[in-house]
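Asker: Here it is: the structure, laid out below.
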Amino acid sequence: MSLLTDLVNLNLSDCTDKIIAEYIWIGGSGMDLRSKARTLSGPVSDPSKLPKWNYDGSSTGQAPGEDSEVILYPQAIFKDPFRRGNNILVMCDAYTPAGEPIPTNKRCNAAKIFSHPDVAAEEPWYGIEQEYTLLQKDVKWPIGWPLGGYPGPQGPYYCGVGVDKAYGRDIVDSHYKACLYAGINISGINGEVMPGQWEFQVGPAVGISAGDELWVARYILERITEIAGVVLSFDPKPIQGDWNGAGAHTNYSTKSMRSDGGYEVIKKAIAKLGLRHKEHIAAYGEGNERRLTGRHETADINTFLWGVANRGASIRVGRDTEKAGKGYFEDRRPASNMDPYVVTSMIAETTILWKP
């Protein structure tokens with residue numbers, strides 16, 4: 001008799017050319033990931049060759065019941081680390097039957113910004129540091145923490161090693177390898193300041209691909225925590241009190257910034273970001289005011305300041321960039337629950353297209 005794991009791990013390529021494509025999209029809250037699978041006649045590597053599909057938008061908070069059909073447009077393909085073989089994950093965005101992007105489709109506008117000739121010419125690079133917290137399933141309290149109680153104060157946990165410091169490493173490492181398998185440009189992982197909190201980095205990624213890759217990396221992490229029986233939280237301040245929040249620091253550079261004389265371009269870009277601080281904060285994630293307090297390596301939400309190697313600033317410039325006179329900077333304001341399509345395109349729009 002076959003075990004369930006044997007059937008889950010069946011290699012379909014032994015008996016058929018057909019593959020399974022898991023279509024992924026973002027639900028009505030703007031943070032809930034949804035997916036469903038379909039059979040295709042053979043391997044596909046070009047998203048434009050994939051069929052559009054539809055779903056019941058009234059069940060995801062994205063359409064009324066009397067006109068519930070929402071259309072999925074395939075946009076990016078990744079290898080499926082769960083089914084393996086030629087099976088794929090497909091990142092989609094969502095449209096009405098008439099072809100209009102639905103209100104929660106933030107990818108469409110981002111793609112327009114990234115396809116603008118002035119933006120495309122600058123080849124914007126992004127590296128996103130995605131922080132998250134792992135919670136115990138039934139009590140929604142961080143893993144490794146005593147029920148109803150607290151661990152020792154922050155200090156030993158950041159990049160810590162040992163059973164009393166690093167909680168959930170098996171999930172983190174599984175996610176790391178699964179993302180590499182999928183073709184996501186995941187560049188690293190580390191334990192964070194609060195125990196039970198971790199970070200992975202995606203990038204460097206160019207333009208719209210940064211959003212695609214981060215969303216699929218989030219999807220893979222959701223699937224792995226589902227298997228592990230652990231709850232994944234992107235709340236920007238999951239535990240009140242003297243505990244670090246969770247952000248999605250966004251590192252950014254353009255061709256001009258990476259070229260000789262780029263430090264002057266960086267300073268001009270930062271000045272523009274300062275002028276639009278309120279607009280950016282409004283788009284940088286829900287509940288961010290609980291995180292951006294001026295404590296725990298953040299700047300106050302109402303204050304814009306930048307500095308070299310300053311982790312208490314809104315924008316941090318690295319020592320290497322200052323020394324080389326070119327490079328990149330880090331926007332430390334985005335919350336862990338930000339939409340990478342919104343954040344990456346807004347940074348490009350403000351620094352390249354916007355005229356103060």
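The values are calculated or read from the model by the stated rules, or taken from the named source; none is laboratory data. Fair warning: this is a prediction, and the values are worked out from it, not measured in the lab. Neighbour counts are summed over all protein chains in view; Cβ atoms, including those assigned to glycine, are modelled from backbone coordinates with ideal geometry. Surface accessibility is based on the protein's heavy atoms, side chains included, excluding ligands, DNA and RNA. Shrake-Rupley method; radii C 1.70, N 1.55, O 1.52, S 1.80 Å.
Asker: Could you figure out which of (1) closer than 30 Å to GLU69 by Cα; (2) open to solvent by less than 30 Å² (accessible area, probe 1.4 Å); (3) not aromatic (Phe, Trp, Tyr) isn't true of LYS112?
Answerer: Of everything listed in (1) closer than 30 Å to GLU69 by Cα; (2) open to solvent by less than 30 Å² (accessible area, probe 1.4 Å); (3) not aromatic (Phe, Trp, Tyr), LYS112 misses just condition (2).
Asker: Out of the residues in the range 87-109 that are open to solvent by less than 30 Å² (accessible area, probe 1.4 Å) and assigned to a helix (DSSP H, G or I), state the one that is nearest to ALA76 (Cα to Cα).
Answerer: ARG107
Asker: Condition check: open to solvent by 10 Å² or more (accessible area, probe 1.4 Å), within 21 Å of PRO74 (Cβ to Cβ) and in a helix (DSSP H, G or I). Does SER209 satisfy that? I'd like the intermediate steps shown before the answer.
Answerer: Details: open to solvent by 10 Å² or more (accessible area, probe 1.4 Å): yes; within 21 Å of PRO74 (Cβ to Cβ): yes; in a helix (DSSP H, G or I): yes.
Here the answer is yes, as SER209 does meet what is asked.
Asker: Hey, another quick one. Which one of these does GLY30 not meet: (1) buried (at least 16 other Cβ atoms within 10 Å of the Cβ); (2) at pLDDT 95 or above?
Answerer: Status for GLY30: all satisfied but (2).
Asker: With (1) free of Cβ contacts under 8 Å to residues at least 40 places away in the same chain; (2) under 22 Å from the mean Cα position of the chain (by Cα); (3) over 23 Å from SER336 (Cα atoms) as the list, and LYS79 as the residue in question, which single condition is left unmet?
Answerer: Only one criterion in (1) free of Cβ contacts under 8 Å to residues at least 40 places away in the same chain; (2) under 22 Å from the mean Cα position of the chain (by Cα); (3) over 23 Å from SER336 (Cα atoms) is unmet by LYS79, namely (1).
Asker: Looking only at the range 145-179, count how many residues are of a type in the set (Ser, Thr, Tyr) and part of a loop (DSSP other than H, G, I, E, B). Don't jump to the end; show me each part of the working.
Answerer: Residues of the range 145-179 that are of a type in the set (Ser, Thr, Tyr), as a first pass: 150, 157-158, 167, 174, 176.
Still in the list and also part of a loop (DSSP other than H, G, I, E, B): 150, 157-158, 167.
The qualifying residues number 4.
Asker: Within the range 243-268, how many residues turn out to be of a type outside the set (Phe, Trp, Tyr), surrounded by 15 or more Cβ atoms within 10 Å (Cβ to Cβ) and more than 23 Å from the chain's Cα centre (by Cα)? Before the answer, list the steps.
Answerer: Here is the first cut: in the range 243-268, the residues of a type outside the set (Phe, Trp, Tyr) are 244-251, 253-262, 264-268.
Going one step further and asking which of them are surrounded by 15 or more Cβ atoms within 10 Å (Cβ to Cβ), we end up with 244-251, 253-254, 256-258, 262, 265-266.
Add one more test, that the residue is more than 23 Å from the chain's Cα centre (by Cα), and what stays is 256-258, 262, 265-266.
So the count comes out to 6.
Asker: Also: Do we have any residue at all in the range 273-285 that's more than 29 Å from THR104 (Cα to Cα) and within 23 Å of the chain's Cα centre (by Cα)? Step through it out loud before you land on a result.
Answerer: Taking the range 273-285 first, the residues more than 29 Å from THR104 (Cα to Cα) are none.
There is no residue in the range 273-285 that is more than 29 Å from THR104 (Cα to Cα) and within 23 Å of the chain's Cα centre (by Cα).
Asker: Sticking with this structure for a sec: Of all residues in the range 270-308, count the ones that are in a loop (DSSP other than H, G, I, E, B), out of contact with any Gly (no Cβ under 9 Å at 6 or more places or on another chain) and open to solvent by 60 Å² or more (accessible area, probe 1.4 Å).
Answerer: The qualifying residues number 1.
Asker: How about the range 135-161: which of its residues are open to solvent by less than 30 Å² (accessible area, probe 1.4 Å) and free of Cβ contacts under 8 Å to residues at least 60 places away in the same chain? Write out each step before concluding.
Answerer: Going residue by residue through the range 135-161, those that are open to solvent by less than 30 Å² (accessible area, probe 1.4 Å) are 135, 142-143, 145, 149, 151, 157, 160.
If the condition is that a residue be open to solvent by less than 30 Å² (accessible area, probe 1.4 Å) and free of Cβ contacts under 8 Å to residues at least 60 places away in the same chain, then TRP145, GLY149, PRO151, TYR157, GLY160 are the ones that fit.
Asker: Mind telling me which of the residues ARG38, ARG107 ends up being of a type in the set (D, E, K, R) and closer than 20 Å to ALA205 by Cα? If you could, list the steps in order and put the result at the bottom.
Answerer: Numbers: ARG38 fails: closer than 20 Å to ALA205 by Cα.
Being of a type in the set (D, E, K, R) and closer than 20 Å to ALA205 by Cα holds for just one of ARG38, ARG107, which is ARG107.
Asker: Here is a further query. Determine which member of the set SER13, SER58, SER41 is of a type in the set (Ser, Thr, Tyr), at pLDDT 95 or above, surrounded by 13 or more Cβ atoms within 10 Å (Cβ to Cβ) and at negative phi. Talk me through it step by step, then tell me what you get.
Answerer: Details: SER13 fails: at pLDDT 95 or above; SER41 fails: surrounded by 13 or more Cβ atoms within 10 Å (Cβ to Cβ).
Criteria check complete, one pass: SER58.
Asker: Restricting to the range 134-144, name every residue that is in a loop (DSSP other than H, G, I, E, B) and in contact with a strand residue (DSSP E or B) (Cβ under 8 Å, 6 or more places away or on another chain).
Answerer: Residues satisfying the conditions are LYS137, LYS140, TRP141, ILE143.
Asker: Sticking with this one: Take the residues of the range 15-30 that are in contact with a strand residue (DSSP E or B) (Cβ under 8 Å, 6 or more places away or on another chain) and of a type in the set (Val, Ile, Thr): which is farthest from TRP215 (Cα to Cα)? First the steps, then the outcome.
Answerer: Taking the range 15-30 first, the residues in contact with a strand residue (DSSP E or B) (Cβ under 8 Å, 6 or more places away or on another chain) are 18-27.
Subsequent filtering for residues that are of a type in the set (Val, Ile, Thr) retains 19-20, 24, 26.
Details: ILE19: 22, ILE20: 20, ILE24: 9, ILE26: 9 Å.
So the residue we want is ILE19.
Asker: Give the residue that is nearest to the chain's Cα centre (by Cα), with candidates limited to residues of the range 312-356 that are closer than 20 Å to GLU286 by Cβ and assigned to a helix (DSSP H, G or I). Full working, then the answer.
Answerer: Step one: filter the range 312-356 for residues closer than 20 Å to GLU286 by Cβ, giving 314, 331-347.
After this cut, where a residue has to be assigned to a helix (DSSP H, G or I) as well, the list is 340-347.
Values: PRO340: 6, TYR341: 9, VAL342: 11, VAL343: 10, THR344: 11, SER345: 14, MET346: 15, ILE347: 15 Å.
Within the range 312-356, the match that is nearest to the chain's Cα centre (by Cα) is PRO340.
Asker: Which of (1) without any contact (Cβ under 8 Å) to a residue 24 or more places away in the chain; (2) assigned to a strand (DSSP E or B); (3) among the hydrophobic types (A, V, I, L, M, F, W, C) does LEU7 not meet, given it meets every other one?
Answerer: So the condition that LEU7 fails would be (2).
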